[in-house]
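Asks: What follows is a single structure, and I will ask about it in a moment.
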Number of protein chains: 2
Amino acid sequence: IAVYSAIDEADFLAIDGEFSGISDGPNVSALTNGMDTPEERYAKLKKHSMDFLLFQFGLCTFKYDTEASKYIIKCFNFYIFPKPFNRASPDIKFICQSSSIDFLASQGFDFNKVFRHGIPYLNQEEEGRVREQAEERRNQQANGAATPSYISPSSKGPAHVPEEHKDFISRVIEKVDGLFTNSEKTYPTFFGLHVETIETEKKERYIQISKVDDDERKRREQQKLEKEQEELNDAVGFSRVIHAISKSGKLVVGHNMLLDVMHTIHQFYCPLPQDLQDFKEVSMCVFPRLLDTKLMSSTQPFKDLIPITSLAELERRLKLAPFKSPKVETAEGFPRYDTAQEQLHEAGYDAYITGLCFISMANYLGSFLTPPKAHISPRSKLMEPFFNKLFLMRIIDIPYLNMTGPDLRPKRDHVLYVTFPKEWKTSDLYQLFSAFGNIQVSWIDDTSAFVSLSQTDQVQIAMNTSRYAESYRIQTYAEYMKGRRQNKDVNSQPDQSWGEEGWVKSPTTAGTTGYGYKGYRPGAPMGTLGKRSISPNQADQGAGEAQATDGWNQSSHPDGMGNKKLKTDGVPPFLYST
Amino acid sequence: IAVYSAIDEADFLAIDGEFSGISDGPNVSALTNGMDTPEERYAKLKKHSMDFLLFQFGLCTFKYDTEASKYIIKCFNFYIFPKPFNRASPDIKFICQSSSIDFLASQGFDFNKVFRHGIPYLNQEEEGRVREQAEERRNQQANGAATPSYISPSSKGPAHVPEEHKDFISRVIEKVDGLFTNSEKTYPTFFGLHVETIETEKKERYIQISKVDDDERKRREQQKLEKEQEELNDAVGFSRVIHAISKSGKLVVGHNMLLDVMHTIHQFYCPLPQDLQDFKEVSMCVFPRLLDTKLMSSTQPFKDLIPITSLAELERRLKLAPFKSPKVETAEGFPRYDTAQEQLHEAGYDAYITGLCFISMANYLGSFLTPPKAHISPRSKLMEPFFNKLFLMRIIDIPYLNMTGPDLRPKRDHVLYVTFPKEWKTSDLYQLFSAFGNIQVSWIDDTSAFVSLSQTDQVQIAMNTSRYAESYRIQTYAEYMKGRRQNKDVNSQPDQSWGEEGWVKSPTTAGTTGYGYKGYRPGAPMGTLGKRSISPNQADQGAGEAQATDGWNQSSHPDGMGNKKLKTDGVPPFLYST
């Protein structure tokens, strides 16, 4: 169908998912602490987000028309629902989060489309099992073994029949016997009854028994087989679209796409692996080339030009100089989105906007070339620094998850782990550390937080000062992680890769001092550009800014009933994915 | 509004709920084992069903018009959704079960009505907390303390401002300062700024700052207070309807209503208590008089006349002699349901049908009186035997939960607990016990089941036979319960009331032999009737029939991928509630 040829001909693809919820954890700050390690973040998202349903999947295919110098776009907006395939198929349970549902409702989301007409799906294991079962059933029937669709009255096994049903059943048996006996008299050929369970649209089931001769019986069984195969393909459903994307090997662009990637793999391929490294490997099998526009836009040379990287703000910014809106055209017969009339949070529209943003940013890089180029292909070397790095939301000093190698390991020797009475608010922490200049607070829960000091040498002073304090307690980050690791060893959770030494000295952060990290450079190809270098050096910018650009309060705090909020213009948790 | 006066004037009420799912347990038979004790069943339903959402509540009020000899009916169909009241209110997560959602979708259920326009609710604790918070906020504001709506620029606390926002913020501060300074010059009176957070329909938030004089400020704050109170009442929302039903003390009729009662209390009053006895007490506070038409129709004198007690079948049966369809009329301006055009599984329609069934059965009891009476009031003594007994689905020997006293405790000395390899099917168990005549199998999981023999004296023979068996193991029910209790003591789950002795000899079952139970009699008032006794004596009927009448396979078995199903006409698990 249309979607497969659209994928085939495309130069790149853009995707977006809408979910029935974001986090079933106690609060968002517990889910996304500013000092999470990538392993911790992955484990939290896996634990607290995968029970939600990805129920709308937006896919836009972008094909560059060289002659017209514009992209031809085809957008698809798939509603997804795990409709049970048959009574033996898994009965999926998924969680809905009121705030997310309410938010989508306020954006005009059509829930009836999801639940009444949603496309089903099976992951690879389920598909295998269902196909196996169908095979088995066929073999059994061929051998005349158990659960045949063709039975003789004598095969009735022992079954307890409730008193009040006996009447009905004996009447049915009589009728069937009648059919059978009657026909034996009339026909000399082998002859039997065809039994079929039929379900009406209203889900009422009944058994249809018809007398058939041998040819008719074979014809019906062939028919049934074909119908079964067709139903099975339908059941695999949306997973086939994902398989096609995967097989194409094409660049897949998303905005803040970590959760989209996780949900896609979880729903349409396999349960997510325990280990982050295994997840990266699976992801790279499914999507060999990913690009996250949120990460791209918060990396140089875009970072200085784009203060807020939420999808809506990014799109607005990229309409202005020095950026140029790309020339695009919607293919005949496909939904035409208008960026002036924002339809944000429809997955198809968000995917569309994401694709446009990517094109604008890619083309902007062309302006640095000598001579400048107006169109930069998604296959250009200029894109390479941005490939396979997924934005990490609200982690102060690790901007992305590196899908094809080890992650950045910033030193955290200026970070303190502080515990305190549950009445404390962010302002109490500012008060406590007022002597040390600017601090950053990352709430863990009601009674603990990470506090980042601006100077490493202040750590010892703070530790000394706290020695005789009664209301609060301070540990260095290294001490805290050591304690956690010891606890974890008991629970055998894998987090070995973040050994204590890793935080002090690691291959990627070697040579880095204080706050920043130097590993974060797009790398060699950038050096070949003219005009000025576009290598970002976030160490110069002060850490943590990338995280504050999406409307989140940088001093993250527990949600819920607490009064810890300092500001009123925060964004509700369900905006996490944009 | 209309619903409160309808409740006020009614003679009785009928209710029905639709849920986003039934069971998140591994399978239905694990949830509803035929040998559950009432305590076990309650604990299972509480654990595996309360995370679903009751999202449609049907209420029909029935008022008898003596002159016209007919009931006037008002039906309400409430869509319920826990829309977050404000950013501090609980963000409810609920589970959806695909099969249930798919089933409701196929019946034309309107999910957009639920999620876009559903009525919110708060339970009593939430309501209390929200009202308290509002109170606190008001007091603080009155004292000029924290989070005031009226601030002076000097109260700005320490807050970390991300680099890229500093520009914007200083511009805003300038503007606000300007407003402030400017006004001080012009007005001699006390004067300030009014600050308000405003949220648009699209959930975008901004802060509105206006300069106001003292009177205007007071007016605005009064306005805000009133708006808050109104919003708070709206937030309590549907719970107020349930409070009204509760306060009316009127008879509430439902069909197979245990889950409806549990969900109603759980959502609109308080989390369900751990203990069954406590649940009964809470229920009787909320609904002082309940009647379950499924239990009524499976009790004499109805039991012999009504073979299938699912709501749809019951309704069809009660249209035929000896029953009479009641004379009813829908009140002006209320939805008119037509029983010929079945709209089953809309909660309002199901409540309507339930009410009609109740009237038919009640009036039928009048035919036994001398002289016969055509109309029996819901307040009639004749109803008393059916009050406050909730149907227990698929328990072989305990037909109902007795809400106002101890439950029936049948002897289970003919019951064996059997463990076996997971390949075994029901037919293997029939085979194994083929020497003992008819048996009843209640599957627990893949490798264990209860087997009820028809004669108690066979138990010893079976035990002896099994002694040297290798593939399976047999325990008596008493031994099994003793083992469970010992495990439970460790886990400190309360199930003391079902001590071993209880099963052998208990107040309610004293004098009963073998299979049956004698405690199950409507009691004294029935004796005053003419013609013939309508006392049921289920002991004569053979146990377990009540459970087989709803399309369930009596030899219950694990669902899922197994091949253990013997029949194909079962009803999907989501029909549990009808």
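Asks: Where in segment A:194-279 are there helices (runs of 4 or more DSSP H), lying wholly inside it, with at least 2 residues that are within 16 Å of the chain's Cα centre (by Cα) and more than 14 Å from every other protein chain (Cβ to nearest Cβ)?
Replies: Values: elements: A:214-236, A:239-248, A:258-268.
Per the criteria, A:239-248, A:258-268.
Asks: Could I ask something else about it? I'm trying to understand the selection: among the residues of segment B:384-398, which are out of contact with any strand residue (DSSP E or B) (no Cβ under 7 Å at 6 or more places or on another chain) and at pLDDT 90 or above? Give the derivation first.
Replies: To start, the set of residues in segment B:384-398 that are out of contact with any strand residue (DSSP E or B) (no Cβ under 7 Å at 6 or more places or on another chain) comprises B:384-385, B:393, B:395, B:397-398.
Answer for segment B:384-398, where residues must be out of contact with any strand residue (DSSP E or B) (no Cβ under 7 Å at 6 or more places or on another chain) and at pLDDT 90 or above: B:Glu384, B:Pro385, B:Ile398.
Asks: Restricting attention to segment B:51-63, which residues are within 16 Å of B:Ala6 (Cα to Cα) and surrounded by 17 or more Cβ atoms within 10 Å (Cβ to Cβ)?
Replies: Taking segment B:51-63 as the starting set, the residues that turn out to be within 16 Å of B:Ala6 (Cα to Cα) are B:57-63.
Answer for segment B:51-63, where residues must be within 16 Å of B:Ala6 (Cα to Cα) and surrounded by 17 or more Cβ atoms within 10 Å (Cβ to Cβ): B:Phe57, B:Gly58, B:Leu59, B:Cys60, B:Thr61, B:Phe62.
Okay, residues lined up against (1) touching a Gly at 6+ places or on another chain (Cβ under 6 Å); (2) within 7 Å of another protein chain (Cβ to nearest Cβ):
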{"residue": "A:Ser98", "(1), (2)": "no, yes"}
{"residue": "A:Ser106", "(1), (2)": "no, yes"}
{"residue": "A:Val114", "(1), (2)": "no, no"}
{"residue": "A:Pro120", "(1), (2)": "yes, no"}
{"residue": "A:Glu132", "(1), (2)": "no, no"}
{"residue": "A:Arg138", "(1), (2)": "no, no"}
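Asks: Which pairs do you get when a residue that is more than 13 Å from every other protein chain (Cβ to nearest Cβ) and in contact (Cβ under 8 Å) with a residue 12 or more places away in the chain, found in segment B:437-463, comes within reach of a residue that is small (Gly, Ala, Ser) and in a strand (DSSP E or B), reach meaning Cβ atoms under 8 angstrom, with the pair 6+ apart or on two chains?
Replies: B:Trp443/B:Ala449; B:Trp443/B:Ser556; B:Ala449/B:Ser442; B:Phe450/B:Ser442
Asks: Something else: When you check A:Ser5 against the structure, is it within 25 Å of A:Gly348 (Cα to Cα) and out of contact with any Pro (no Cβ under 7 Å at 6 or more places or on another chain), yes or no? Let's see the steps before the verdict.
Replies: Values: within 25 Å of A:Gly348 (Cα to Cα): yes; out of contact with any Pro (no Cβ under 7 Å at 6 or more places or on another chain): yes.
So A:Ser5 fits the description; yes.
Asks: Sort out which residues of segment A:65-109 are surrounded by fewer than 18 Cβ atoms within 10 Å (Cβ to Cβ) and under 30 Å from A:Ala10 (Cβ atoms), and write them in order of number.
Replies: A:Asp65, A:Thr66, A:Glu67, A:Ala68, A:Ser69, A:Lys70, A:Gln107, A:Gly108
Asks: Restricting to segment A:377-409, name every residue that is touching a helix residue (DSSP H, G or I) at 6+ places or on another chain (Cβ under 6 Å) and either free of Cβ contacts under 8 Å to residues at least 40 places away in the same chain or over 19 Å from A:Leu258 (Cβ atoms) (or both).
Replies: Correct list: A:Lys381, A:Leu382, A:Glu384.
Asks: Return a yes/no flag: does segment B:57-78 have any residue that is within 13 Å of another protein chain (Cβ to nearest Cβ) and either modelled with pLDDT of 90 or more or closer than 30 Å to B:Asn363 by Cα (or both).
Replies: No: zero hits.
Asks: In addition: Considering only segment A:1-41, state which residues are at pLDDT below 85, within 13 Å of chain B (Cβ to nearest Cβ) and surrounded by 22 or more Cβ atoms within 10 Å (Cβ to Cβ).
Replies: A:Ser23, A:Val28, A:Leu31
Asks: Does segment A:82-96 hold any residues that are facing chain B (nearest Cβ under 7 Å) and hydrophobic (A, V, I, L, M, F, W, C), and which are they?
Replies: A:Ala88, A:Ile92, A:Phe94, A:Ile95, A:Cys96
The values are calculated or read from the model by the stated rules, or taken from the named source; none is laboratory data. Keep in mind that this is a model prediction, so the values were computed, not measured. Reconstructed Cβ throughout: ideal geometry from the backbone, glycine too, with neighbour counts over all protein chains shown.
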